[in-house]
């Protein structure tokens, strides 16, 4: 009995030690797994620092840097949430091309993350003198109004803006355009707010960056001649003879109406003979035209009419 009890106690102690070793091994394994070094690539956007007064930056040629780093798995997993950015120091730049080395100490990497490689190792920025210039605003269009309509006028408010940017660029610009306004299918005047179409490195410093454009759309007015239109007698029971028997006229009006105008159905020319007795008379012709049509000229103006029984 005594030997059996001793064996039981001995085995119990061994089980406790085995269990304790298992726990310690698991903790050690987890620790080593979490602390093992890993590598990853980061793309870090570049921000431009404060530029000396009177100068402006054109570029840089790339908008970010690629950095390869190493660290524990846990730290590596936290990097995407940090939104790392690099502030490029341009406080000592001069006019022309300026190569600026990347300073790793300016990248706020967390403790435990080490840089391995960097590309590119420097950025080149081009520097120009900065000026201000007032330019008239020109309204830009795309598409065409309904057939027979056209843009009669386009007025912007304000009519000019002050821009800030590189001197060589602004010196070559005489006016600044808006983003295109689509006219496709339109036949009525309208107002619209539209932004300016600014090139890179140009900035508006006026009170508002939005332009109010007032577009006036009108019908296209054209002229057209009609010849040999018969002249008839009106409001008489007598026989009449008109000399000459036809008239030539020129009218103007909206192109959509004038193109469809027909002599037989749409134009009437007559002499009003009311209360006239037989005899010979000189009379002007009355001309009836569709709405929106305007008489420009007639030939002849005076007709001879002979009234007889």
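The values are calculated or read from the model by the stated rules, or taken from the named source; none is laboratory data. Given the structure is predicted, the values throughout are model-derived calculations rather than measurements. Methodologically, a virtual Cβ is constructed for each residue, glycine included, from the backbone with ideal geometry; neighbour enumeration extends over all protein chains shown.
Of the residues in the range 15-38, none is surrounded by 13 or more Cβ atoms within 10 Å (Cβ to Cβ), at pLDDT 65 or above and closer than 30 Å to residue 200 by Cβ.
Among the conditions (1) over 30 Å from residue 180 (Cα atoms); (2) surrounded by 15 or more Cβ atoms within 10 Å (Cβ to Cβ); (3) touching a residue at least 60 places away in the same chain (Cβ under 8 Å), the only one that residue 224 does not satisfy is (3). Quick one: is residue 134 closer than 30 Å to residue 156 by Cβ, surrounded by fewer than 17 Cβ atoms within 10 Å (Cβ to Cβ) and within 36 Å of the chain's Cα centre (by Cα)? The answer is yes for residue 134. Taken over the range 231-243, the criterion of being surrounded by 12 or more Cβ atoms within 10 Å (Cβ to Cβ) and part of a loop (DSSP other than H, G, I, E, B) is satisfied by 236, 238.
Could you please find all residues in the range 136-164 being closer than 15 Å to residue 207 by Cβ and touching a residue at least 40 places away in the same chain (Cβ under 8 Å)? Step through it out loud before you land on a result.
Looking only at the range 136-164, we keep the residues that are closer than 15 Å to residue 207 by Cβ, and these are 137, 156-164.
Once the filter is applied, which keeps residues that are closer than 15 Å to residue 207 by Cβ and touching a residue at least 40 places away in the same chain (Cβ under 8 Å), the range 136-164 yields 137, 156, 157, 158, 161, 162, 163, 164.
Per this entry, residue 268 is not counted among residues that are surrounded by 12 or more Cβ atoms within 10 Å (Cβ to Cβ), modelled with pLDDT under 90 and not assigned by TED's automatic domain parsing to the domain that holds residue 176. Within the bounds of the range 108-121, is there any residue that is assigned by TED's automatic domain parsing to the domain that holds residue 199, farther than 21 Å from residue 204 by Cα and part of a strand (DSSP E or B)? Taking every residue of the range 108-121 in turn, none turns out to be assigned by TED's automatic domain parsing to the domain that holds residue 199, farther than 21 Å from residue 204 by Cα and part of a strand (DSSP E or B).
On the stretch given as the range 194-221, residues that are in a strand (DSSP E or B) and free of Cβ contacts under 8 Å to residues at least 24 places away in the same chain total 2.
Restricting to the range 145-175, name every residue that is in a loop (DSSP other than H, G, I, E, B) and in contact with a helix residue (DSSP H, G or I) (Cβ under 8 Å, 6 or more places away or on another chain). Steps first, please.
As a first pass, look at the range 145-175 and keep what is in a loop (DSSP other than H, G, I, E, B): 145-148, 158-159, 172-175.
Those that are in a loop (DSSP other than H, G, I, E, B) and in contact with a helix residue (DSSP H, G or I) (Cβ under 8 Å, 6 or more places away or on another chain): 147, 148.
Pairs, please: C-beta under 6 Å, at least 6 apart or cross-chain, first residue within 14 Å of residue 48 (Cα to Cα) and in the range 85-107, second part of a loop (DSSP other than H, G, I, E, B)? Here the result reads 86/107; 87/49; 88/49; 89/49; 90/49; 90/51; 102/121, each pair linking the range 85-107 to a residue that is part of a loop (DSSP other than H, G, I, E, B).
Of all residues in the range 177-193, none satisfies the criterion of being at pLDDT below 95 and assigned to a strand (DSSP E or B).
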